[in-house]
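K.L.:
Here you go, one structure.
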There are 2 protein chains.
Amino acid sequence: MPPLRIDPIAEARRHWTARWGEEPARPMAAVTSIMRAQQVLMARLNDLLRPHGLTFPRYEALMLLSFTRTGALPLGKIGERLQVHRTSVTNIVDKLETDGLVRRVPHENDRRATLAEITDAGRDAAQRATAALNEAAFGIDALEKDEQEAVTTLMRALRVDAGDFAGRD
Amino acid sequence: MPPLRIDPIAEARRHWTARWGEEPARPMAAVTSIMRAQQVLMARLNDLLRPHGLTFPRYEALMLLSFTRTGALPLGKIGERLQVHRTSVTNIVDKLETDGLVRRVPHENDRRATLAEITDAGRDAAQRATAALNEAAFGIDALEKDEQEAVTTLMRALRVDAGDFAGRD
């Protein structure tokens, strides 16, 4: 989409400040900024991944599998780790399977559970996609190193507060 | 979903650093942190909005309309401002219309265009929902005031770089 002429968040903040004051205007601007940054980053990552036949959610699932010892995880575990709903995991794994990047295998000990296992083609795709994302600094090279660290730290505080993970890691 | 035991981003960053070094690991962690923070915030905002019969995208559309002089905008303009695709705008406006919060009206000068116009019930719902979100500091009260400002500033740099808006505002 073409860029907007004005910053919609700055404009919303002016409206907010005029009607409800500085205090709610500040967190409104911060939260809306995260929402919008996520949208533009997701579009950028998907553009970088398209030549590799992947979207960011599918790429995340492949990387998750590639980091496991056996290259396989139950579908439920994938959903938990990526914080996506069951139906989204099914869609992601379906598409990866159609493309030959994962295969479904039965769970050894739990016959109700299905594992997704990364294939050699999946490892190749993940490797190539990672090279492209690393090369592009994940689309975030507008920020300096210390700014990138600040983002991680600020988002971590938010994530802990929202119960994204329990540890003190 | 229950909280994870470990921070999945810290874990991914360890894997990344081991395989590809510090440099791509830093931006990977920052970008993935924004993605995940967006997920947990969206869930939190939707929880806050559910008692008011709204989701965050529908709430954003209502607020956008409420800030206009006439209370109405063409659907295409709503999509542009919210950076969502045509089909998503249609879905959002369909649901708002079903709930009596907006109505579709023909454009005065362009017969191919349709406007969404906020109703009195829509203004009431927006008002009540805003009170709830303001009260909860948009779910971001884990961050101090200066941290909230830092988020807005950092995300703004990202958004400008990604062409979210063109102005120097």
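K.L.:
Run the reach check for A:K95 against lysines, Cα to Cα strictly under 26 Å, same-chain hits fewer than 8 apart removed. What comes back?
P.N.:
By straight Cα distance, A:K95 reaches A:K77.
K.L.:
Once every Cα of the protein assembly as shown carries one equal point scatterer and solvent is ignored, give the base-10 log of I(q)/I(0) from the Debye formula at q = 0.07, 0.08, 0.13 Å⁻¹, two decimals.
P.N.:
Those come out to -0.32, -0.41, -1.06, one per q.
K.L.:
Quote the FRET efficiency, to the nearest 0.05, computed for A:A113 versus A:T55 with a Förster distance R0 of 35 Å and r equal to the Cβ-Cβ distance.
P.N.:
0.90
K.L.:
A further question on this structure: For region B:1-66, just run the numbers: alpha carbon Rg, then divide by 2.2 N^0.38 Å, N being how many residues it has.
P.N.:
With N residues counted in region B:1-66, Rg over 2.2 N^0.38 Å equals 1.56.
K.L.:
Next question, about the same structure. Every other copy gets compared here: list the nm distances from the B:E135 label point (7 Å along Cα to Cβ) to its counterparts, shortest first, one decimal.
P.N.:
5.2
K.L.:
Let me ask you something else. Distances in nm, one decimal, shortest first, from B:R112 to the same residue in every other copy, taking the label point 7 angstrom along Cα→Cβ.
P.N.:
5.5
K.L.:
Now for a different question. Sort out for me the Cα centre separation of region B:98-123 from region B:1-57, rounded to whole Å.
P.N.:
36 Å
K.L.:
Calculate, for region A:1-108, the solvent-accessible area per residue in square angstrom, rolling a 1.4 angstrom probe over the heavy atoms of the protein chains.
P.N.:
About 47 Å² of surface per residue is accessible.
K.L.:
Using a 10 Å cut-off on Cβ atoms, rank the peptides B:79-88, B:105-114 from the highest mean neighbour count down.
P.N.:
Highest to lowest by the protection proxy: B:79-88, B:105-114.
K.L.:
Mind checking A:78-86 for the average number of partner chain beta-carbons within 10 Å of each residue's beta-carbon?
P.N.:
3
K.L.:
Okay, moving on. Net charge near A:G53, counting Lys/Arg +1 and Asp/Glu -1 over other residues with Cβ under 12 Å of its Cβ?
P.N.:
Every neighbour counted, the sum reads +2.
K.L.:
Give the cross-link partners of B:K145 among the aspartates and glutamates, using a straight C-alpha distance below 17 Å as the criterion and excluding same-chain residues fewer than 8 apart.
P.N.:
Qualifying aspartates and glutamates at Cα under 17 Å: A:E22, A:E23, A:D161, B:E135.
K.L.:
Nearest 500 deg cm²/dmol is fine: what mean residue ellipticity at 222 nm does chain B get from its DSSP H runs of n ≥ 4 alone, each adding -39,500 (n - 2.57), divided by its residue count?
P.N.:
Dividing the helical sum by the residues of chain B leaves -20500 deg cm²/dmol.
K.L.:
Next up: Need one word for region B:37-169: rounded, prolate or oblate. Basis is the Cα gyration tensor (sqrt eigenvalues a ≥ b ≥ c); a/c below 1.5 gives rounded, then a/b vs b/c decides.
P.N.:
oblate
K.L.:
Is there a simple number for the mean count of other chain Cβ atoms within 10 Å of the Cβ of residues in A:139-149, and what is it?
P.N.:
Per residue, the average neighbour count from other chains is 5.
K.L.:
Moving to a separate point now. Can you name the chain A residue with its Cβ nearest the rotation axis from A to B, and give the distance in Å as a whole number?
P.N.:
Closest Cβ to the A-to-B rotation axis, residue and whole-Å distance: A:Q38, 2.
K.L.:
Another question, if that's okay. Would you grab the residues whose amide H sits under 5 Å from the one on B:V102? Only those 5+ places off in sequence or on another chain, please, with H modelled 1.01 Å from N.
P.N.:
B:E97, B:T119
K.L.:
Further question on the same structure: For A:F165, enumerate residues with amide H under 5 Å from its amide H, sequence gap 5+ or separate chain, H modeled in the peptide plane.
P.N.:
B:L4
K.L.:
Sticking with this structure for a sec: What distance in nm lies between label points placed 7 Å from Cα along the C-beta direction at B:T98 and B:H85?
P.N.:
Roughly 2.0 nm, to one decimal.
K.L.:
Kindly compute the accessible surface that chains A and B hide from a 1.4 Å probe when together, both sides summed, and give it to the nearest 100 Å².
P.N.:
Result for this pair: about 7700 Å² buried.
The values are calculated or read from the model by the stated rules, or taken from the named source; none is laboratory data. Not measured: the values here are computed from a predicted model. Don't worry about glycine lacking a Cβ; one is built from the backbone with ideal geometry, like all the others, and counts go over all protein chains shown. Calculation scope for accessible area: heavy atoms of the full protein, side chains included, ligands and nucleic acids excluded. Shrake-Rupley method; radii C 1.70, N 1.55, O 1.52, S 1.80 Å.
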